[in-house]
Amino acid sequence: MSARQLDPGTTEPEAGPLKLVATLTIAGLLSGVAIVGAWQTTRPTILAYQAQVLKAAVFKVVPGAQGLQRLAWQGQTLAAEADPGGEGDDTPVVYGAYDASGALIGYAIPAEGAGFQDKIGLIYGYDPDASKIVGLRVLDSRETPGLGDKIIKDQEFVHGWDDLSTTPSIELVAHGKKAAPNQVEAISGATISSKAVMRIVSGSYADWAERLPKRADAPRQEITPAASPAKEVAP
Amino acid sequence: MSQSDRTAEELLKGLWKENPTFVQVLGMCPALAVTNSAVNAIVMGLATLFVLVASSGLVSMLRHFIPKQVRISTYIVIIATFVSVADLVLQATLPVVHKELGAFIPLIVVNCLILGRQEAFAAKNTVKLAIADAIGMGLGFTFALTLLGVVREILGSGSLFGMALFGPNYEPWVVMILPPGGFIMLGLILLVFSWVKQRRQARQARQADPAPKVGVA
Amino acid sequence: MSSENLRLQVTAAPFTHSPRTTAAVMRDVSLALLPVLFAAVWYFGIVAILVVGTATLGAVLTDAVLGRQGWAGLKDGSAILTGVLLGLTLPPGIPLWMALLGGVAGIGLGKVVWGGLGHNIFNPALVGRAFLQAAFPITLTTWVAPGSGSLVSLPASTLAVPLLHVDAVSAATPLGLAKFQGTLTAVGPLLTGNVAGSLGETSAIILLAGGAYLMWRRAFDWRIPASIILTTAVLQAVASAIWPGLAPPQMMVFSGGLLLGAIYMATDPVSSPTTPRGAWIFGAGIATLVVLIRNWGGLPEGVMYAILLMNAASPLIERATQPRVFGRDKRRLL
């Protein structure tokens with residue numbers, strides 16, 4: 001009895017090593033070409049969407065903003081930075097928010113940290129002249145639906161960050177107990193997630209806000225785009 | 001059996017008789033992970049359908065050229081290519097859903113349903129049959145995911161395709177959109193599936209032998 | 001003498017019989033639960049009866065309709081007991097439709113799918129409770145302060161239309177107060193039960209009395225509750241000595257569902273180990289988990305999860321603690 005043919009498709013049972021290598025090489029090459037083609041075609045749309053989401057978030061946390069620009073530390077000075085070429089760029093950045101004339105009115109600072117479940121990613125607005133946090137939006141979270149996700153949905157909590165003094169430091173207090181301008185009320189029933197947000201903002205604030213230059217000393221917007229109202233995009 | 005009968009049969013078997021999720025219990029990872037809403041489930045099902053049909057067609061087309069020693073690696077390269085394309089296209093066209101599905105789109109590569117169909121069917125059959133089989137299996141998978149997604153979204157969020165069904169005071173069954181809800185729902189649906197199958201078999205047995213002999217001599 | 005009287009009588013083992021049947025044990029446990037139910041009515045009003053009754057209805061109907069033995073399977077009383085225990089773990093203001101659903105889920109997912117009484121890995125009442133907790137986390141942690149209504153008045157949420165939500169006034173439990181606000185509750189109210197909490201977890205004295213009755217009737221393995229209570233007290237004494245911010249051991253033992261769980265849930269003969277050494281280990285495991293969850297976990301209370309996790313470990317514990325046949329088997333672990 002001859003060698004059993006498992007696969008009627010392969011008629012030659014023994015292919016030489018050259019053929020094996022050649023097959024995989026050709027498959028890999030063609031695959032690469034296809035993926036690069038798809039990447040090139042979809043890239044502009046993907047980047048435009050990401051920019052739109054970012055713009056919407058920045059404009060929400062810094063009221064009155066008309067333009068934005070990436071800022072990063074270059075040595076001791078904060079300077080404008082080009083858009084990241086690709087993902088995986090870990091340089092910590094903030095976004096300068098500018099009015100129509102190109103003068104800085106505040107910073108939008110992205111931050112992330114551990115929540116009740118998984119990471120919470122958020123962005124908050126900071127006004128360096130008034131030493132105030134002027135807005136906060138949670139962008140990414142997997143907190144428990146109905147409980148922890150109130151950090152996104154509970155308007156009272158979200159707007160608790162709209163005018164928050166940072167002197168001497170920001171504090172979380174129980175729901176209904178706000179007594180000073182530097183206090184935020186926790187969401188009743190979602191204490192753990194509220195604490196997580198507070199911890200993330202406090203940590204990021206200590207890293208960033210205290211050394212961010214005042215409005216007058218901040219880098220100006222290099223390219224002043226035509227002031228266009230931010231389009232609403234669900235983050 | 002005529003050629004078109006055969007094609008129809010291969011197409012239909014994936015929908016019910018050999019449904020990948022409910023009968024073969026393949027591809028459980030996406031079936032449990034992304035069926036927390038109907039939209040997510042449908043998009044995941046269609047992305048898988050696309051990858052499956054494209055890969056099966058190509059593998060069947062190339063089945064005489066791929067040496068059998070490297071066939072699995074070649075299948076994986078083919079599947080991975082289509083998955084990457086699907087991932088990028090989704091990211092560009094449906095960014096919100098893409099974000100929700102997250103890592104599960106790239107993970108279609110390791111969905112055993114897809115590699116299984118290449119090895120078990122596409123590599124041994126004509127292009128026409130392979131594509132019919134892939135469409136059937138892909139649609140069966142999409143149907144199963146959508147069923148899970150619809151039930152879980154209705155109970156877990158009180159909505160269907162994002163539209164609220166019960167008004168603002170609905171008390172959502174949070175567990176249903178969390179991972180345990182996926183397991184519970186899948187278990188219950190599998191239960192119903194086997195129950196229906198059992199009843200059908202019992203009925204067929206009765207019809208085949210309407211007057212079973214009672215007692216043995 | 002006729003030859004018929006000389007017939008050899010052949011009977012099969014077992015030759016010793018215990019008068020204790022499943023139904024008798026269930027009756028004893030139910031009897032011991034009556035004062036607990038009475039205390040619940042005293043503190044929360046007639047709503048306690050409604051909640052416990054509805055949960056029991058859900059459990060009984062599910063067992064009768066889906067269970068292998070149908071209505072006949074109800075005779076041992078285990079479905080009723082599951083329903084009553086489930087009801088006692090629920091908050092007083094829970095909508096009745098949820099209590100019914102809890103009974104259905106408890107028996108359906110906790111008992112019937114495993115093959116019925118004796119085949120279940122987990123305590124069915126706690127499975128029902130865990131399902132409700134996962135499904136409706138807000139409602140299941142919304143507590144009513146004791147004595148906030150008259151005997152016959154109902155909280156607004158009790159009669160909520162099925163599937164819909166009604167806002168309820170919330171009071172904090174002693175454990176919640178300790179965890180989120182750093183306020184400790186004195187032992188006095190914990191003993192009498194004048195604190196917010198689930199229907200059956202309020203009065204420590206009544207729960208302990210029920211435990212004493214069951215011990216006297218030998219209706220349960222006393223080692224399990226003893227082990228849970230002792231281990232909790234010792235671990236918490238050590239922990240609160242090292243970290244002074246933690247609650248003192250007496251509060252840990254007398255608050256929340258610890259006593260209810262230790263006496264009535266962990267002792268479920270189906271889902272707990274039967275060997276004496278196994279019972280001690282099982283209880284110590286529950287207590288360790290409770291102390292860990294309550295002190296350092298995200299939730300103020302963890303008795304339910306502790307018992308369910310140890311339920312899963314019961315078969316392992318039993319294997320590890322099998323008595324050795326003298327002079328034959330080598331000593332081995334697992």
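So, in the stretch A:183-197, how many residues would count as being open to solvent by 10 Å² or more (accessible area, probe 1.4 Å) and more than 14 Å from chain C (Cβ to nearest Cβ)?
Going through the stretch A:183-197 one residue at a time, the tally reaches 1.
Of everything in the stretch C:91-126, what is over 27 Å from C:P155 (Cβ atoms) and among the β-branched types (V, I, T)? Give them in sequence order.
If the condition is that a residue be over 27 Å from C:P155 (Cβ atoms) and among the β-branched types (V, I, T), then C:V112, C:V113, C:I121 are the ones that fit.
So for the stretch A:110-132 (the condition being within 27 Å of C:P300 (Cβ to Cβ), part of a loop (DSSP other than H, G, I, E, B) and hydrophobic (A, V, I, L, M, F, W, C)), does at least one residue qualify?
Yes; the residues of the stretch A:110-132 include at least one that is within 27 Å of C:P300 (Cβ to Cβ), part of a loop (DSSP other than H, G, I, E, B) and hydrophobic (A, V, I, L, M, F, W, C).
For (1) without any contact (Cβ under 8 Å) to a residue 12 or more places away in the chain; (2) surrounded by 24 or more Cβ atoms within 10 Å (Cβ to Cβ); (3) among the charged types (D, E, K, R); (4) within 14 Å of chain A (Cβ to nearest Cβ), each residue gets a yes or a no:
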{"site": "C:A266", "(1), (2), (3), (4)": "no, yes, no, no"}
{"site": "C:P273", "(1), (2), (3), (4)": "no, yes, no, no"}
{"site": "C:A287", "(1), (2), (3), (4)": "no, yes, no, no"}
{"site": "C:I293", "(1), (2), (3), (4)": "no, no, no, yes"}
{"site": "C:G297", "(1), (2), (3), (4)": "yes, no, no, yes"}
{"site": "C:A306", "(1), (2), (3), (4)": "no, yes, no, no"}
{"site": "C:F326", "(1), (2), (3), (4)": "yes, no, no, no"}
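With the checklist (1) in contact (Cβ under 8 Å) with a residue 12 or more places away in the chain; (2) surrounded by 16 or more Cβ atoms within 10 Å (Cβ to Cβ); (3) within 13 Å of another protein chain (Cβ to nearest Cβ) in hand, flag the one item A:G125 doesn't pass.
(3)
What number goes with the only condition from (1) open to solvent by 30 Å² or more (accessible area, probe 1.4 Å); (2) over 15 Å from B:T48 (Cα atoms); (3) touching a residue at least 60 places away in the same chain (Cβ under 8 Å); (4) touching a Gly at 6+ places or on another chain (Cβ under 7 Å) that B:I131 does not pass?
(2)
Could you look through the stretch A:198-224, keep only residues that are open to solvent by 60 Å² or more (accessible area, probe 1.4 Å) and not in a helix (DSSP H, G or I), and pick out the one that is nearest to the other protein chains (Cβ to nearest Cβ)?
Going residue by residue through the stretch A:198-224, those that are open to solvent by 60 Å² or more (accessible area, probe 1.4 Å) are A:199, A:206-207, A:210-211, A:214-217, A:220, A:222-224.
Subset that is not in a helix (DSSP H, G or I): A:214, A:220, A:222-224.
On the way: A:K214: 36, A:R220: 32, A:E222: 28, A:I223: 25, A:T224: 28 Å.
Result: A:I223.
Is one or more of the residues making up the stretch B:151-161 within 15 Å of B:G14 (Cα to Cα) and either crowded, with 21+ Cβ neighbours inside 10 Å or charged (D, E, K, R) (or both)? Give the derivation first.
First, pick out the residues of the stretch B:151-161 that are within 15 Å of B:G14 (Cα to Cα): none.
The answer is no, given that none of the residues of the stretch B:151-161 is within 15 Å of B:G14 (Cα to Cα) and either crowded, with 21+ Cβ neighbours inside 10 Å or charged (D, E, K, R) (or both).
Any idea which of B:S56, B:S60 is in a helix (DSSP H, G or I), open to solvent by less than 30 Å² (accessible area, probe 1.4 Å) and away from chain A (no Cβ under 12 Å)? Walk me through it before giving the result.
Numbers: B:S60 fails: away from chain A (no Cβ under 12 Å).
Answer to the selection: B:S56.
What residue, of A:L139, A:L172, is farther than 29 Å from A:Q69 by Cβ, at pLDDT 85 or above, among the aliphatic types (A, V, I, L, M) and open to solvent by 30 Å² or more (accessible area, probe 1.4 Å)?
Step by step, each of A:L139, A:L172 is checked, and only A:L172 is farther than 29 Å from A:Q69 by Cβ, at pLDDT 85 or above, among the aliphatic types (A, V, I, L, M) and open to solvent by 30 Å² or more (accessible area, probe 1.4 Å).
Can you name every residue in the stretch C:195-224 that is more than 19 Å from C:L34 (Cα to Cα) and open to solvent by less than 30 Å² (accessible area, probe 1.4 Å)? Lay out the reasoning, then the answer.
Filtering the stretch C:195-224 for residues more than 19 Å from C:L34 (Cα to Cα) gives C:195-196, C:221-224.
Result: C:V195, C:A196, C:I224.
For the stretch C:113-132, name all the residues that are in a helix (DSSP H, G or I) and crowded, with 22+ Cβ neighbours inside 10 Å. Even if it seems obvious, please write down each step before you answer.
If we filter the stretch C:113-132 for residues that are in a helix (DSSP H, G or I), which is where we start, we get C:113-114, C:124-132.
Of everything in the stretch C:113-132, those that are in a helix (DSSP H, G or I) and crowded, with 22+ Cβ neighbours inside 10 Å turn out to be C:P124, C:A125, C:L126, C:V127, C:G128, C:R129, C:A130, C:F131, C:L132.
The values are calculated or read from the model by the stated rules, or taken from the named source; none is laboratory data. Bear in mind the structure is a predicted one, so any value in this text is a computation, not a measurement. Reconstructed Cβ throughout: ideal geometry from the backbone, glycine too, with neighbour counts over all protein chains shown. Accessible surface is based on the protein model in full, side chains and every heavy atom, while ligands, DNA and RNA are left aside. Shrake-Rupley method; radii C 1.70, N 1.55, O 1.52, S 1.80 Å.
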